[in-house]
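The structure appears below as C-alpha coordinates.
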Amino acid sequence: MWTNRPQGLAYNILRKEAASVVYVLNKDGKPLMPTNRCGHVRKLLKSGKAIVVKRKPFTIKLTYDTPDCVQPISLGVDTGYTHVGVSAVTDTQEVYAAQVELLTGQKKRLDDRRKYRRTRRNRLRHRPPRFNNRRRNPGWLPPSLQHKVDSHIRIVEGIKAILPITEVHFEIGNFDTHKMKKPSIRPWQYTEGEMKGFDSVKEYVKNRDNYTCQLCGKQHKDGKGLVVHHFLYWKGRHSNNPNEMVILCDTCNSVANHEKSGPLWGWEPKQLRQLQQATFMNALAVRLMTVYPDADFMYGELTAQHREEYNIPKSHTNDAFIIAGGKSQLRFDFPFNVEQRRRNNRSLEKFYDAKYIDSRDGSKQPGKVLSSIRVKRKTPPKDSGFRQFRQSKVSKGKRYIRKKRHFYQPGDLVITPLGKAIVKGTICSGNSIQFYNFSRTFAPSKVEPIKFGKGFCFQT
(Lines give C-alpha, C1' and ligand atoms only; values in the text may rest on other atoms or scores of the structure.)
Protein backbone atom coordinates (compact mmCIF):
# COMPACT_ATOMS: atom_id res chain seq x y z
CA MET A 1 0.00 0.00 0.00
CA TRP A 2 1.06 3.56 -0.67
CA THR A 3 -0.82 5.20 2.15
CA ASN A 4 2.39 6.32 3.86
CA ARG A 5 3.85 7.98 0.75
CA PRO A 6 3.60 11.44 -0.69
CA GLN A 7 0.68 11.64 -3.09
CA GLY A 8 2.84 13.45 -5.63
CA LEU A 9 4.67 10.16 -6.26
CA ALA A 10 1.39 8.38 -7.03
CA TYR A 11 0.36 11.31 -9.26
CA ASN A 12 3.52 11.02 -11.36
CA ILE A 13 3.22 7.24 -11.74
CA LEU A 14 -0.41 7.51 -12.82
CA ARG A 15 0.53 10.19 -15.35
CA LYS A 16 3.35 8.06 -16.82
CA GLU A 17 1.43 4.79 -17.03
CA ALA A 18 -1.83 6.38 -18.24
CA ALA A 19 -4.08 3.65 -16.88
CA SER A 20 -7.20 3.13 -18.99
CA VAL A 21 -9.31 1.95 -16.03
CA VAL A 22 -8.97 2.98 -12.41
CA TYR A 23 -10.71 0.89 -9.78
CA VAL A 24 -12.32 2.78 -6.91
CA LEU A 25 -13.08 1.87 -3.31
CA ASN A 26 -15.25 3.91 -0.95
CA LYS A 27 -14.22 5.16 2.45
CA ASP A 28 -15.02 1.80 4.08
CA GLY A 29 -13.09 -0.21 1.49
CA LYS A 30 -16.11 -1.49 -0.45
CA PRO A 31 -15.74 -1.53 -4.25
CA LEU A 32 -17.46 1.02 -6.45
CA MET A 33 -17.75 1.23 -10.20
CA PRO A 34 -14.43 1.79 -12.00
CA THR A 35 -13.69 4.96 -13.90
CA ASN A 36 -11.60 5.98 -16.91
CA ARG A 37 -11.51 9.67 -15.93
CA CYS A 38 -7.79 9.70 -15.21
CA GLY A 39 -7.69 13.51 -15.03
CA HIS A 40 -10.29 13.54 -12.26
CA VAL A 41 -8.38 10.79 -10.43
CA ARG A 42 -5.20 12.89 -10.53
CA LYS A 43 -7.05 15.83 -8.97
CA LEU A 44 -8.39 13.60 -6.20
CA LEU A 45 -4.90 12.27 -5.46
CA LYS A 46 -3.35 15.73 -5.52
CA SER A 47 -5.97 17.20 -3.18
CA GLY A 48 -5.79 14.30 -0.73
CA LYS A 49 -9.37 13.12 -1.35
CA ALA A 50 -8.07 9.72 -2.45
CA ILE A 51 -5.11 7.48 -1.72
CA VAL A 52 -3.51 4.74 -3.78
CA VAL A 53 -4.16 1.19 -2.60
CA LYS A 54 -2.75 -0.89 -5.45
CA ARG A 55 -0.54 -0.14 -8.40
CA LYS A 56 -1.53 -3.15 -10.53
CA PRO A 57 -4.40 -3.00 -11.14
CA PHE A 58 -4.41 0.70 -10.28
CA THR A 59 -6.85 1.09 -7.38
CA ILE A 60 -7.65 4.14 -5.25
CA LYS A 61 -9.58 4.57 -2.02
CA LEU A 62 -11.72 7.65 -1.41
CA THR A 63 -11.34 9.52 1.86
CA TYR A 64 -14.83 11.13 1.85
CA ASP A 65 -18.35 9.72 2.04
CA THR A 66 -19.99 8.73 -1.24
CA PRO A 67 -23.26 6.98 -2.15
CA ASP A 68 -22.95 3.26 -2.95
CA CYS A 69 -24.50 3.35 -6.43
CA VAL A 70 -23.23 0.39 -8.46
CA GLN A 71 -24.25 -1.49 -11.61
CA PRO A 72 -24.54 -5.27 -12.06
CA ILE A 73 -21.20 -6.83 -13.05
CA SER A 74 -20.83 -10.44 -14.19
CA LEU A 75 -17.56 -12.28 -13.66
CA GLY A 76 -16.54 -15.15 -15.94
CA VAL A 77 -13.73 -17.58 -15.05
CA ASP A 78 -12.16 -19.97 -17.53
CA THR A 79 -10.65 -22.55 -15.18
CA GLY A 80 -7.53 -24.50 -16.08
CA TYR A 81 -4.56 -26.50 -14.83
CA THR A 82 -1.85 -24.00 -15.86
CA HIS A 83 -3.74 -20.95 -17.23
CA VAL A 84 -6.85 -19.19 -15.96
CA GLY A 85 -8.80 -16.57 -17.89
CA VAL A 86 -11.02 -13.99 -16.11
CA SER A 87 -13.32 -11.30 -17.46
CA ALA A 88 -15.78 -8.91 -15.79
CA VAL A 89 -18.46 -7.31 -17.96
CA THR A 90 -21.41 -4.98 -17.55
CA ASP A 91 -24.28 -4.41 -19.95
CA THR A 92 -22.20 -2.00 -22.02
CA GLN A 93 -18.47 -2.79 -21.58
CA GLU A 94 -15.78 -5.07 -20.22
CA VAL A 95 -14.19 -3.59 -17.09
CA TYR A 96 -11.59 -6.27 -16.30
CA ALA A 97 -9.73 -8.93 -18.28
CA ALA A 98 -6.67 -10.97 -17.37
CA GLN A 99 -4.84 -14.19 -18.09
CA VAL A 100 -3.21 -15.82 -15.07
CA GLU A 101 -0.34 -18.29 -15.34
CA LEU A 102 -0.45 -20.54 -12.29
CA LEU A 103 2.58 -21.70 -10.37
CA THR A 104 4.03 -25.06 -11.38
CA GLY A 105 6.58 -27.45 -9.95
CA GLN A 106 4.99 -27.89 -6.51
CA LYS A 107 5.22 -31.67 -6.63
CA LYS A 108 8.95 -31.64 -7.43
CA ARG A 109 9.64 -29.23 -4.57
CA LEU A 110 7.60 -31.37 -2.18
CA ASP A 111 9.48 -34.48 -3.31
CA ASP A 112 12.81 -32.73 -2.74
CA ARG A 113 11.71 -31.68 0.71
CA ARG A 114 10.73 -35.24 1.52
CA LYS A 115 14.10 -36.59 0.37
CA TYR A 116 16.00 -34.01 2.42
CA ARG A 117 13.85 -34.78 5.46
CA ARG A 118 14.48 -38.51 5.19
CA THR A 119 18.21 -37.96 4.79
CA ARG A 120 18.27 -35.69 7.83
CA ARG A 121 16.34 -38.15 9.98
CA ASN A 122 18.65 -40.99 8.98
CA ARG A 123 21.39 -39.21 10.92
CA LEU A 124 19.34 -39.33 14.12
CA ARG A 125 18.99 -42.19 16.59
CA HIS A 126 17.10 -45.24 15.48
CA ARG A 127 13.41 -45.28 16.19
CA PRO A 128 10.70 -47.71 15.09
CA PRO A 129 8.93 -46.66 11.88
CA ARG A 130 5.54 -45.02 12.18
CA PHE A 131 3.02 -45.08 9.35
CA ASN A 132 -0.56 -43.98 8.82
CA ASN A 133 -0.57 -41.75 11.90
CA ARG A 134 -1.96 -38.66 10.19
CA ARG A 135 -5.63 -37.84 9.92
CA ARG A 136 -7.09 -36.63 6.63
CA ASN A 137 -10.25 -34.61 6.56
CA PRO A 138 -13.05 -35.55 4.14
CA GLY A 139 -12.36 -34.18 0.67
CA TRP A 140 -8.59 -34.16 1.16
CA LEU A 141 -6.50 -33.30 -1.89
CA PRO A 142 -2.75 -33.57 -2.45
CA PRO A 143 -0.96 -30.31 -1.59
CA SER A 144 -0.02 -29.67 -5.24
CA LEU A 145 -3.69 -29.86 -6.35
CA GLN A 146 -4.99 -28.07 -3.27
CA HIS A 147 -2.69 -25.14 -4.07
CA LYS A 148 -4.20 -24.79 -7.54
CA VAL A 149 -7.74 -24.93 -6.13
CA ASP A 150 -6.88 -22.22 -3.59
CA SER A 151 -5.32 -20.15 -6.39
CA HIS A 152 -8.62 -20.15 -8.30
CA ILE A 153 -10.44 -18.98 -5.18
CA ARG A 154 -7.87 -16.23 -4.52
CA ILE A 155 -8.22 -14.98 -8.09
CA VAL A 156 -12.00 -14.65 -7.75
CA GLU A 157 -11.83 -13.06 -4.30
CA GLY A 158 -9.15 -10.61 -5.47
CA ILE A 159 -11.41 -9.36 -8.27
CA LYS A 160 -14.39 -9.14 -5.93
CA ALA A 161 -12.30 -6.91 -3.67
CA ILE A 162 -11.99 -4.18 -6.36
CA LEU A 163 -15.23 -4.65 -8.33
CA PRO A 164 -18.87 -4.98 -7.13
CA ILE A 165 -19.41 -8.44 -8.62
CA THR A 166 -23.04 -9.58 -8.61
CA GLU A 167 -22.76 -12.83 -10.63
CA VAL A 168 -20.01 -15.41 -10.98
CA HIS A 169 -19.83 -17.89 -13.87
CA PHE A 170 -17.36 -20.79 -14.11
CA GLU A 171 -16.43 -23.05 -16.97
CA ILE A 172 -15.71 -26.53 -15.60
CA GLY A 173 -14.83 -29.87 -17.12
CA ASN A 174 -16.26 -33.33 -16.51
CA PHE A 175 -13.76 -35.94 -17.72
CA ASP A 176 -14.28 -39.70 -17.76
CA THR A 177 -10.79 -40.94 -16.93
CA HIS A 178 -11.80 -44.60 -17.37
CA LYS A 179 -12.99 -43.96 -20.91
CA MET A 180 -9.87 -41.90 -21.65
CA LYS A 181 -7.73 -44.93 -20.74
CA LYS A 182 -9.96 -47.47 -22.47
CA PRO A 183 -12.39 -46.03 -25.06
CA SER A 184 -14.12 -49.45 -25.49
CA ILE A 185 -14.98 -49.81 -21.79
CA ARG A 186 -18.33 -51.36 -20.91
CA PRO A 187 -20.65 -50.07 -18.16
CA TRP A 188 -20.01 -53.02 -15.82
CA GLN A 189 -16.25 -52.58 -16.16
CA TYR A 190 -16.25 -49.27 -14.27
CA THR A 191 -16.25 -51.21 -10.96
CA GLU A 192 -13.28 -53.34 -12.02
CA GLY A 193 -9.68 -52.19 -11.76
CA GLU A 194 -7.37 -52.17 -14.73
CA MET A 195 -5.15 -54.83 -13.08
CA LYS A 196 -7.96 -57.30 -12.34
CA GLY A 197 -6.81 -60.88 -12.86
CA PHE A 198 -3.07 -60.10 -12.54
CA ASP A 199 -0.96 -61.02 -9.54
CA SER A 200 1.56 -58.20 -9.89
CA VAL A 201 2.16 -54.93 -11.66
CA LYS A 202 4.90 -56.46 -13.80
CA GLU A 203 2.57 -59.10 -15.18
CA TYR A 204 -0.03 -56.47 -16.02
CA VAL A 205 2.49 -54.20 -17.78
CA LYS A 206 3.90 -57.11 -19.81
CA ASN A 207 0.43 -58.19 -20.90
CA ARG A 208 -0.63 -54.61 -21.67
CA ASP A 209 2.41 -54.05 -23.90
CA ASN A 210 1.89 -57.46 -25.55
CA TYR A 211 5.31 -58.71 -24.42
CA THR A 212 6.91 -56.27 -26.87
CA CYS A 213 9.81 -53.92 -26.28
CA GLN A 214 8.46 -50.41 -26.58
CA LEU A 215 11.77 -49.05 -27.88
CA CYS A 216 12.91 -51.48 -30.57
CA GLY A 217 9.59 -53.27 -31.13
CA LYS A 218 10.96 -56.82 -30.68
CA GLN A 219 8.41 -59.27 -29.25
CA HIS A 220 9.17 -61.96 -26.65
CA LYS A 221 6.16 -64.24 -26.34
CA ASP A 222 7.71 -66.29 -23.54
CA GLY A 223 8.31 -63.15 -21.47
CA LYS A 224 12.03 -63.87 -21.03
CA GLY A 225 14.54 -61.12 -21.63
CA LEU A 226 12.03 -58.37 -20.75
CA VAL A 227 12.26 -55.88 -17.89
CA VAL A 228 9.92 -53.22 -16.54
CA HIS A 229 11.25 -49.70 -17.15
CA HIS A 230 10.25 -46.50 -15.31
CA PHE A 231 10.38 -44.14 -18.27
CA LEU A 232 10.14 -41.02 -16.07
CA TYR A 233 13.33 -41.82 -14.15
CA TRP A 234 15.03 -38.74 -15.68
CA LYS A 235 12.50 -36.62 -13.77
CA GLY A 236 13.31 -38.41 -10.52
CA ARG A 237 10.07 -40.41 -10.57
CA HIS A 238 10.18 -44.15 -9.84
CA SER A 239 6.53 -44.73 -9.02
CA ASN A 240 4.90 -48.14 -9.32
CA ASN A 241 2.02 -46.60 -11.22
CA PRO A 242 1.50 -48.74 -14.33
CA ASN A 243 0.93 -45.57 -16.38
CA GLU A 244 4.60 -44.68 -15.78
CA MET A 245 6.03 -48.12 -16.64
CA VAL A 246 6.78 -49.85 -19.97
CA ILE A 247 8.45 -53.02 -21.16
CA LEU A 248 12.01 -53.02 -22.54
CA CYS A 249 14.29 -55.80 -23.64
CA ASP A 250 17.69 -56.44 -22.07
CA THR A 251 19.46 -54.93 -25.08
CA CYS A 252 17.61 -51.60 -24.92
CA ASN A 253 17.79 -51.43 -21.12
CA SER A 254 21.51 -50.70 -21.12
CA VAL A 255 23.46 -48.16 -19.06
CA ALA A 256 24.43 -46.17 -22.16
CA ASN A 257 20.79 -45.74 -23.18
CA HIS A 258 19.97 -44.25 -19.75
CA GLU A 259 22.51 -41.43 -20.10
CA LYS A 260 21.57 -37.92 -21.22
CA SER A 261 22.78 -38.67 -24.72
CA GLY A 262 20.88 -41.97 -24.82
CA PRO A 263 17.44 -42.62 -26.36
CA LEU A 264 15.75 -43.29 -23.00
CA TRP A 265 16.59 -39.87 -21.56
CA GLY A 266 13.52 -37.66 -22.01
CA TRP A 267 11.58 -40.44 -23.76
CA GLU A 268 7.86 -40.80 -23.06
CA PRO A 269 5.63 -43.25 -24.93
CA LYS A 270 2.93 -41.45 -26.89
CA GLN A 271 0.26 -44.04 -26.27
CA LEU A 272 0.35 -43.51 -22.51
CA ARG A 273 -1.63 -40.42 -21.61
CA GLN A 274 -1.19 -38.57 -18.39
CA LEU A 275 -4.45 -37.85 -16.62
CA GLN A 276 -3.31 -35.39 -13.96
CA GLN A 277 -5.04 -32.43 -15.58
CA ALA A 278 -8.31 -34.32 -16.10
CA THR A 279 -8.30 -35.51 -12.49
CA PHE A 280 -7.64 -31.99 -11.25
CA MET A 281 -10.48 -30.49 -13.30
CA ASN A 282 -12.93 -33.01 -11.83
CA ALA A 283 -11.80 -32.19 -8.28
CA LEU A 284 -11.85 -28.45 -9.00
CA ALA A 285 -15.49 -28.55 -10.14
CA VAL A 286 -16.57 -30.17 -6.88
CA ARG A 287 -14.66 -27.65 -4.74
CA LEU A 288 -15.95 -24.60 -6.63
CA MET A 289 -19.53 -25.83 -6.34
CA THR A 290 -19.01 -26.09 -2.58
CA VAL A 291 -17.37 -22.68 -2.14
CA TYR A 292 -19.69 -20.81 -4.56
CA PRO A 293 -23.10 -22.52 -4.36
CA ASP A 294 -24.87 -19.55 -6.00
CA ALA A 295 -22.52 -19.43 -9.00
CA ASP A 296 -23.40 -20.57 -12.51
CA PHE A 297 -21.45 -23.48 -14.02
CA MET A 298 -21.16 -24.34 -17.70
CA TYR A 299 -19.11 -26.64 -19.93
CA GLY A 300 -16.64 -25.90 -22.68
CA GLU A 301 -18.89 -27.08 -25.52
CA LEU A 302 -21.37 -24.27 -24.87
CA THR A 303 -18.53 -21.73 -24.67
CA ALA A 304 -17.16 -22.85 -28.05
CA GLN A 305 -20.60 -22.53 -29.66
CA HIS A 306 -21.06 -18.95 -28.42
CA ARG A 307 -17.52 -18.02 -29.42
CA GLU A 308 -18.09 -19.22 -32.99
CA GLU A 309 -21.48 -17.49 -33.08
CA TYR A 310 -19.98 -14.09 -32.19
CA ASN A 311 -16.82 -14.69 -34.31
CA ILE A 312 -14.41 -14.30 -31.38
CA PRO A 313 -10.96 -15.96 -31.61
CA LYS A 314 -9.87 -18.61 -29.15
CA SER A 315 -8.03 -17.42 -26.02
CA HIS A 316 -8.38 -17.69 -22.26
CA THR A 317 -9.60 -14.09 -21.85
CA ASN A 318 -12.02 -14.42 -24.77
CA ASP A 319 -13.44 -17.61 -23.29
CA ALA A 320 -13.89 -15.85 -19.97
CA PHE A 321 -15.64 -12.99 -21.79
CA ILE A 322 -18.12 -15.46 -23.30
CA ILE A 323 -18.58 -17.23 -19.96
CA ALA A 324 -19.42 -13.91 -18.26
CA GLY A 325 -22.19 -13.32 -20.79
CA GLY A 326 -20.31 -11.01 -23.13
CA LYS A 327 -21.64 -10.48 -26.62
CA SER A 328 -21.01 -7.12 -28.23
CA GLN A 329 -19.83 -5.09 -25.24
CA LEU A 330 -16.88 -2.72 -25.53
CA ARG A 331 -13.79 -4.83 -24.81
CA PHE A 332 -11.01 -4.11 -22.33
CA ASP A 333 -8.13 -2.22 -23.93
CA PHE A 334 -5.14 -4.13 -22.57
CA PRO A 335 -5.84 -7.42 -20.74
CA PHE A 336 -3.54 -8.04 -17.78
CA ASN A 337 -0.91 -10.77 -17.91
CA VAL A 338 -0.51 -12.18 -14.41
CA GLU A 339 2.18 -14.63 -13.32
CA GLN A 340 2.02 -16.49 -10.03
CA ARG A 341 5.38 -16.66 -8.26
CA ARG A 342 6.63 -18.32 -5.11
CA ARG A 343 6.24 -16.32 -1.93
CA ASN A 344 8.96 -17.97 0.10
CA ASN A 345 11.90 -20.26 -0.44
CA ARG A 346 12.21 -22.20 2.80
CA SER A 347 15.36 -24.07 1.78
CA LEU A 348 17.90 -22.95 4.36
CA GLU A 349 20.71 -25.09 3.02
CA LYS A 350 21.96 -25.70 -0.52
CA PHE A 351 24.57 -28.16 -1.68
CA TYR A 352 26.72 -27.56 -4.73
CA ASP A 353 28.16 -30.81 -6.03
CA ALA A 354 31.80 -31.19 -6.98
CA LYS A 355 32.60 -31.25 -10.70
CA TYR A 356 34.98 -33.55 -12.51
CA ILE A 357 36.37 -33.91 -16.01
CA ASP A 358 34.67 -36.74 -17.85
CA SER A 359 37.36 -38.87 -19.48
CA ARG A 360 35.01 -39.99 -22.21
CA ASP A 361 34.38 -36.60 -23.84
CA GLY A 362 36.32 -34.10 -21.68
CA SER A 363 33.19 -32.30 -20.43
CA LYS A 364 32.53 -31.09 -16.88
CA GLN A 365 30.09 -33.32 -14.98
CA PRO A 366 28.87 -33.19 -11.36
CA GLY A 367 29.74 -35.95 -8.97
CA LYS A 368 26.22 -37.39 -8.88
CA VAL A 369 26.43 -38.09 -12.61
CA LEU A 370 29.83 -39.80 -12.37
CA SER A 371 28.86 -41.98 -9.41
CA SER A 372 29.16 -45.66 -8.61
CA ILE A 373 25.39 -46.26 -8.90
CA ARG A 374 24.92 -47.81 -5.50
CA VAL A 375 22.18 -47.13 -2.99
CA LYS A 376 23.77 -48.40 0.25
CA ARG A 377 27.33 -47.90 1.40
CA LYS A 378 27.69 -51.50 2.55
CA THR A 379 27.15 -52.78 -0.97
CA PRO A 380 30.23 -52.80 -3.21
CA PRO A 381 30.31 -50.42 -6.20
CA LYS A 382 29.04 -51.80 -9.48
CA ASP A 383 31.50 -52.42 -12.28
CA SER A 384 29.14 -50.65 -14.67
CA GLY A 385 29.22 -47.44 -12.67
CA PHE A 386 30.46 -44.09 -13.95
CA ARG A 387 32.94 -43.35 -11.17
CA GLN A 388 35.71 -44.85 -13.27
CA PHE A 389 35.35 -41.96 -15.75
CA ARG A 390 36.35 -39.31 -13.18
CA GLN A 391 39.60 -37.75 -14.36
CA SER A 392 40.41 -34.59 -12.40
CA LYS A 393 38.42 -32.46 -9.99
CA VAL A 394 37.57 -29.01 -11.32
CA SER A 395 35.69 -27.64 -8.31
CA LYS A 396 35.02 -29.09 -4.91
CA GLY A 397 31.57 -29.42 -3.38
CA LYS A 398 30.35 -26.88 -0.87
CA ARG A 399 27.39 -26.20 1.42
CA TYR A 400 25.63 -22.86 1.63
CA ILE A 401 23.51 -22.16 4.73
CA ARG A 402 21.23 -19.14 4.73
CA LYS A 403 21.29 -17.41 8.11
CA LYS A 404 18.89 -14.50 7.51
CA ARG A 405 16.05 -13.50 5.23
CA HIS A 406 16.45 -9.95 3.94
CA PHE A 407 13.57 -7.56 3.42
CA TYR A 408 14.12 -7.06 -0.32
CA GLN A 409 14.02 -10.19 -2.46
CA PRO A 410 14.71 -10.76 -6.19
CA GLY A 411 11.87 -9.56 -8.39
CA ASP A 412 10.67 -6.74 -6.10
CA LEU A 413 9.78 -3.44 -7.78
CA VAL A 414 11.25 -0.49 -5.88
CA ILE A 415 11.99 3.21 -6.28
CA THR A 416 15.62 4.30 -6.07
CA PRO A 417 17.28 7.72 -6.43
CA LEU A 418 17.80 6.78 -10.10
CA GLY A 419 14.16 5.81 -10.68
CA LYS A 420 12.15 2.58 -10.68
CA ALA A 421 14.15 -0.66 -10.66
CA ILE A 422 13.78 -4.40 -10.11
CA VAL A 423 15.78 -6.03 -7.32
CA LYS A 424 18.36 -8.60 -8.44
CA GLY A 425 19.65 -9.57 -5.02
CA THR A 426 21.56 -8.41 -1.96
CA ILE A 427 25.27 -8.37 -1.14
CA CYS A 428 27.40 -7.50 1.89
CA SER A 429 25.08 -9.33 4.32
CA GLY A 430 22.07 -7.34 3.09
CA ASN A 431 23.68 -3.90 3.40
CA SER A 432 23.63 -3.29 -0.38
CA ILE A 433 21.01 -4.08 -3.02
CA GLN A 434 21.71 -5.00 -6.64
CA PHE A 435 19.33 -4.21 -9.51
CA TYR A 436 18.70 -5.45 -13.05
CA ASN A 437 18.35 -1.95 -14.50
CA PHE A 438 21.80 -0.61 -13.62
CA SER A 439 25.04 -1.69 -12.00
CA ARG A 440 24.99 0.77 -9.10
CA THR A 441 23.96 -0.49 -5.67
CA PHE A 442 22.03 1.29 -2.93
CA ALA A 443 21.50 0.77 0.76
CA PRO A 444 18.04 -0.46 1.88
CA SER A 445 17.42 2.91 3.59
CA LYS A 446 17.55 4.71 0.21
CA VAL A 447 15.09 2.33 -1.45
CA GLU A 448 11.31 2.38 -1.16
CA PRO A 449 9.13 -0.61 -2.11
CA ILE A 450 6.39 -0.38 -4.72
CA LYS A 451 5.38 -4.00 -5.32
CA PHE A 452 6.84 -7.19 -3.94
CA GLY A 453 7.52 -9.76 -6.63
CA LYS A 454 5.62 -12.56 -4.88
CA GLY A 455 2.20 -14.08 -5.36
CA PHE A 456 0.20 -12.82 -8.34
CA CYS A 457 2.48 -10.41 -10.22
CA PHE A 458 1.12 -8.23 -13.02
CA GLN A 459 3.46 -8.08 -15.98
CA THR A 460 4.21 -4.63 -17.41
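The values are calculated or read from the model by the stated rules, or taken from the named source; none is laboratory data. Computed from a prediction, not measured in an experiment: that's the story for all the values here. We place every Cβ from the backbone using ideal geometry, glycine too, and count neighbours over all the protein chains shown.
List of remarks:
- Residue within the stretch 139-147 that is over 30 Å from K224 (Cα atoms), modelled with pLDDT of 95 or more, in a helix (DSSP H, G or I) and under 22 Å from the mean Cα position of the chain (by Cα) present: no
- Any hit, the stretch 167-184, residues being within 25 Å of the chain's Cα centre (by Cα), among the β-branched types (V, I, T), loosely packed, with under 14 Cβ neighbours inside 10 Å and modelled with pLDDT under 95: yes
- Against the criterion of being modelled with pLDDT of 90 or more, in a strand (DSSP E or B) and closer than 30 Å to N318 by Cα, I51 does not qualify.
- Flag set for F321, criterion: outside any loop (DSSP other than H, G, I, E, B) and buried (at least 16 other Cβ atoms within 10 Å of the Cβ).
- Of the residues making up the stretch 160-211, those that are free of Cβ contacts under 8 Å to residues at least 40 places away in the same chain, outside any loop (DSSP other than H, G, I, E, B) and among the basic types (K, R) are K179, K202, R208.
- Counting the residues of the stretch 229-250 that are in contact with a helix residue (DSSP H, G or I) (Cβ under 9 Å, 6 or more places away or on another chain), in a loop (DSSP other than H, G, I, E, B) and among the polar types (S, T, N, Q) gives 2.
- Top-ranked residue of the stretch 239-264 - restricted to ones that are of a type outside the set (V, I, T) and exposed (fewer than 13 other Cβ atoms within 10 Å of the Cβ), ranked as nearest to D111 (Cα to Cα): S239
- For the stretch 401-421, a residue qualifies if it is aliphatic (A, V, I, L, M) and surrounded by fewer than 14 Cβ atoms within 10 Å (Cβ to Cβ), and the qualifying residues are I401, L418.
- The number of residues in the stretch 211-228 being at positive phi and surrounded by 10 or more Cβ atoms within 10 Å (Cβ to Cβ) comes to 3.
- Members of the stretch 430-455 found to be closer than 23 Å to R341 by Cα and in a strand (DSSP E or B), listed by number: I433, Q434, F435, E448, P449, I450, K451, G455
- Strands (runs of 3 or more DSSP E) contained entirely in the stretch 389-429, each with at least 3 residues that are within 14 Å of F442 (Cα to Cα): 413-416, 419-427
Residues checked against (1) buried (at least 19 other Cβ atoms within 10 Å of the Cβ); (2) over 30 Å from K27 (Cα atoms); (3) not assigned by TED's automatic domain parsing to the domain that holds P335:
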site	(1), (2), (3)
D68	no, no, yes
V95	yes, no, no
A98	yes, no, no
Y116	no, yes, yes
T119	no, yes, yes
H126	no, yes, yes
F131	no, yes, yes
R134	no, yes, yes
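- Residue count, the stretch 403-424 (criterion: within 23 Å of the chain's Cα centre (by Cα) and of a type outside the set (A, V, I, L, M, F, W, C)): 6
- F297 being of a type in the set (A, V, I, L, M, F, W, C), part of a strand (DSSP E or B), under 24 Å from T82 (Cβ atoms) and within 30 Å of the chain's Cα centre (by Cα): yes
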